[in-house]
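**Student:** Take a look at the following structure, please.
FYI, it's all coordinate maths here, none of it is from the lab. What you see is a predicted model, and the numbers here were worked out from it, not measured in a lab. Neighbour counts run over all protein chains shown; Cβ positions are idealised from the backbone, glycine included.
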Amino acid sequence: MEQRMLEAARKGNIHELDDLIGRNEQILEEMALEGAGHTPLHVACVGGHLDFVRELLKRIPKLAEKVDPRGFSPLHIAAARGDVEIAEELLKVGTHLCSMEGRERRIPLHYAVIHGEVHVMEILLSTSPESVEKSTARKETVLHLAVKNNRFKVLVRLAKHLKQHKKEQVINLKDHKDNTALHLAVASKNFEVVDFLLRGHALEDEVVEVNASNESGLTPLDVSTPLQRGVGDREIREILIRAGAKHGASRPVSGDDDDIEAGNGHQSDGEPISNAPQPLSPLTTKNSNQDDGKRWGKIEVLLVVAGLIANATYQSVLQPPSIVELSKTNNTSGGSKDYTTPAPTSLTEKKITYGANLVYILFLGGNTFGFLVSIQIIIWLTKMIQDKKNGQDKNIQMVQEEANQERYVFWLIMLSMIAMVLTYFCFTLSLLIKYTGGPENKVLHVLPLMIAIFLLLIQKRLVMILESFSEELFRFFGLLRNSN
């Protein structure tokens, strides 16, 4: 029988309702008790059956006060659906229904605002003007909900209501994170709302607290300083500054703050802009966190490449080209126990020429430089990954420095790869000049290390030269492609 009642409410079948009540006069009361608040009135409101709703309220008006397990009273449902007639019918039971709290302490007005149902909202406000001050469990006012759900028309009507009933202070109320409606509008880059609130359209008096701070110590002007900004963001900042907006104690660093403020005849509050790291607003860091994931992925790839270079250069020393092995043999052959008699000159020693010495210098010099640079890169990247794990806060200046570091490491790896190529050619040349001879100078054993150290000292200049050369080369090929 209960299923038949719910089905009748779903279809709005009044004849079935009368028939069921005729069989059991207590059926509605029993369903209200057993259904944990879910009554045929809820079902009829969802279906928008006005006549069925009237009949139920005529028999048991208290059904309008029942809240179902989802946190909805019948008026919550009518407000969310924008059903004006059903809302008016329910309010005949009593104006106290406007203050009934559902899930997260939301009242019917909150659902009308969330869904942008202006007409129902006006009925609720006219019935219970004080309900505009009610907040949710998250301390969100109707203004917070209007901004979060992009309901500009609702916001305009709410501002008018606040002005009429002298409740302008509601516009500055804060949510559970101490954000005002203006904080949310700036964070969502809603130019229309910011312009409405601060350019005198909303309220005659300047009641909007443009410098209110949230739990992170950020003002709306601080929230408008993300990593990347467009034209719309700059316009929002100009509106804020014209309204007297200033930075808070935890402001993020921004490179163009002074330009905007000077152009509008305003100065920032307090001390000069500091270059010290400052935390970014939680409202503006979601996208930057996604970019961080890509960045750390690149660092891990660079770490693998540097490790491969270090391994290759290390193995090259363990298995050098034949000309280096030959040089080593000749050096040890001179250390005979007979110090009075020169060691006999072998046939291969006589055949070592200036070309072989040059290969010896190029091989050990280039290989040592590549090995040391790769070790330097591994240490550097490992430290960067460790800094990531420590969860250090970043500002715009730090992001720029990290980008420069990534570019610098990239060109260092390019130098290491060039050194590997040089080592490869030394292997090849050693096969060609293995049997050419000439006296060997002992300074050649030290010279490769001196060359490697010298290259390390000027590595920054080498990176700049290599980067400049590559740009010119790409530009040259671009011109050739365009000419064709």
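**Student:** Which length gain, in nm to one decimal place, applies between residue 242 and residue 1 when the Cα-Cα distance is subtracted from 0.36 nm times their residue separation?
**Tutor:** Gain on extension, residue 242 to residue 1, equals 80.1 nm.
**Student:** Contour minus end-to-end for residue 103 and residue 475, with contour as 0.36 nm per residue of separation and end-to-end as the Cα-Cα distance?
**Tutor:** Roughly 127.6 nm would be gained on extension.
**Student:** Neighbouring Cβ atoms within 10 Å as the yardstick, rank 88, 65 fewest first.
**Tutor:** Listed from fewest to most nearby Cβ atoms, that is 88, 65.
**Student:** Okay, moving on. Can you give the extra length, in nm with one decimal, that the chain gains between residue 26 and residue 192 once fully stretched, where that is 0.36 nm per residue apart less the Cα-Cα distance?
**Tutor:** Between residue 26 and residue 192, full extension yields an extra 54.3 nm.
**Student:** Based only on other Cβ atoms within 10 Å, what is the fewest-to-most ordering of 46, 170, 113?
**Tutor:** 46, 170, 113
**Student:** Quick one: which of 58/153; 62/174; 177/298; 153/177; 139/160 span more than 32 angstrom between C-alpha atoms?
**Tutor:** 58/153; 62/174; 177/298
**Student:** A further question follows. What net charge is computed for the residues neighbouring residue 215, neighbours being all others with C-beta under 12 Å from the C-beta of residue 215, Lys and Arg scored +1, Asp and Glu -1?
**Tutor:** Surrounding charge for residue 215 is +1.
**Student:** Further question: Points 7 angstrom from Cα along the Cβ direction at residue 166 and residue 95: gap in nanometres?
**Tutor:** 1.8 nm
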